[in-house]
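For reference, the structure discussed in these notes is given below.
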Amino acid sequence: MDLHIKAMETGRIIIISAPSGCGKSTIINSLLDRGEIDMQFSVSATNRSPRQGERHGVNYYFLTDAEFQDSIAAGEFVEYEEVYPGRYYGTLRREVSRITDAGHNVVLDVDVKGGVRVKELYGSDAVSIFIAPPCVEALRARLEGRGTESAEQIDQRVGRAQYELSFAPQFDHTVINDDLAQAVREVEQIIKKFISRK
Ligand code: ADP
Ligand code: 5GP
């Protein structure tokens, strides 16, 4: 009987936030590849252009400026942020409910303000995890190594990172991503503990 009730429950919300370049995507993809945790990725909407290799509906729903504004006006977002000037990112209600209504946990890769907002909205149905870099210099080196932004964009992201790091105390957990394998293990443990506390 107990098992039956659990199977009918909806999934829960796992929020992963960090300044850009701290390794959120790498950690999330590693956890999804390991497949030890029943969770699916919530594909966000954005009006930025796809990077090489990124696909619509897989990495993001890539919208035009007008489409993004229409989605805001139609109340389609759980939350959205103008993370960089003119560059919007948002979590779609239908994306989260599609996954949780099917009984799966959902993992959100959102900026720090979005992370705080989603946690406020979902309370104890959500766990929020802040991924921090070992230091700002390491962050710059990783962004340079990733090679997906111009020098100017890297300066912008590193500058913003200093501000974003001040949000860490508002999260349930902070994990420092120095050794990647260890950071993945720590995040996995936090999530396993959270979802076992249904
Ligand atoms: P985010 O999604 O937070 O913007 P990414 O996951 O794209 O960051 O990581 C940024 C870059 O840093 C990538 O090139 C990734 O391979 C690299 N990276 C991630 N974690 C580590 C780590 N622990 N040590 C060294 N490089 C890392
Ligand atoms: P990127 O351009 O590197 O893919 O993402 C830039 C930033 O936007 C990252 O911090 C990422 O977590 C954030 N982001 C991605 N999707 C969302 C979203 O739906 N909402 C919010 N608030 N931030 C998002």
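The values are calculated or read from the model by the stated rules, or taken from the named source; none is laboratory data. Small disclaimer: the values here were computed from a predicted structure and weren't measured. Positions of Cβ are backbone-derived with ideal geometry, glycine not excepted, and every protein chain shown enters the neighbour counts. Each accessible area value is taken on the protein alone, full model and side chains, heavy atoms only, with ligands, DNA and RNA left out. Shrake-Rupley method; radii C 1.70, N 1.55, O 1.52, S 1.80 Å.
Using r as the Cβ-Cβ distance of Asp179 and Arg93, and R0 as 30 Å, what FRET efficiency do you calculate, to the nearest 0.05?
Once rounded, the FRET efficiency stands at 0.25.
Using only helices, what value at 222 nm comes out for the chain when you add -39,500 (n - 2.57) per DSSP H run of length 4 or more and divide by the total residues, to the nearest 500 deg cm²/dmol? Let's see the in-between values first.
Working: 8 runs with 90 residues, N = 198.
That calculation yields -14000 deg cm²/dmol at 222 nm.
Express the carbon and sulfur contribution to the solvent-accessible surface of region 1-156 as a percent, rounded to the nearest whole number, probe 1.4 angstrom. Please report the intermediate quantities before stating the final value.
Numbers: 3770 of 7810 Å².
The value for region 1-156 is 48 percent carbon and sulfur by accessible area.
With a probe of 1.4 Å, find how much accessible area the chain has per residue, and write the answer as a whole number in Å².
Solvent-accessible surface per residue comes out at 52 Å².
Given H placed 1.01 Å from N in the peptide plane, which residues other than close sequence neighbours of His104 have an amide H under 5 Å from its amide H?
Counting only residues 5 or more places away or on other chains, the set is Gly11.
Given an 8 Å cut-off on Cα distances and at least 6 residues of separation, report the relative contact order of the chain as a percent.
Reported as a whole number, the value is 31 percent.
Based on the alpha-carbon gyration tensor of region 105-181, what equivalent-ellipsoid semi-axes (square roots of 5 times the eigenvalues) come out, in whole Å, largest first?
Here the semi-axes work out to 25, 13, 12 Å.
Based on DSSP H assignment, which helices of the chain show an axial Cα extent of at least 18 Å together with a mean Kyte-Doolittle hydropathy greater than or equal to 0.0?
Helices passing the filter in the chain: 180-196.
Which cross-chain or sequence-distant (5 or more) residues have an amide H under 5 Å from the amide H of Val175, H modelled 1.01 Å from N in plane?
Placed amide hydrogens put Phe130, Ile131, Ala132 under 5 Å from Val175.
Have a look at the chain and give its Rg and Dmax from the Cα atoms, expressed in angstrom.
16.7, 58
Taking the simple approach of a point 7 Å from Cα along Cα-to-Cβ for both Gln162 and Glu120, what is their distance in nm?
2.6 nm
What's the whole-number percent of alpha carbon pairs in region 1-114 lying beyond 20 angstrom?
44 percent
Say we join alpha carbon atoms closer than 10 Å with springs in a Gaussian network model of the chain; which of Asn105, Asn29, Asn177 then has the biggest fluctuation?
With Cα springs under 10 Å in the chain, the top fluctuation among Asn105, Asn29, Asn177 is at Asn29.
Put +1 on the Cβ of every Lys and Arg and -1 on every Asp and Glu Cβ in the chain; which of Tyr122, Val83, Gly159 then has its Cα farthest towards the positive end of the dipole?
Tyr122
Extending each Cα 7 Å along its Cβ direction at Ser49 and Arg197, get the distance between those two points in nm, one decimal.
Once both label points are built, they end up 4.5 nm from each other.
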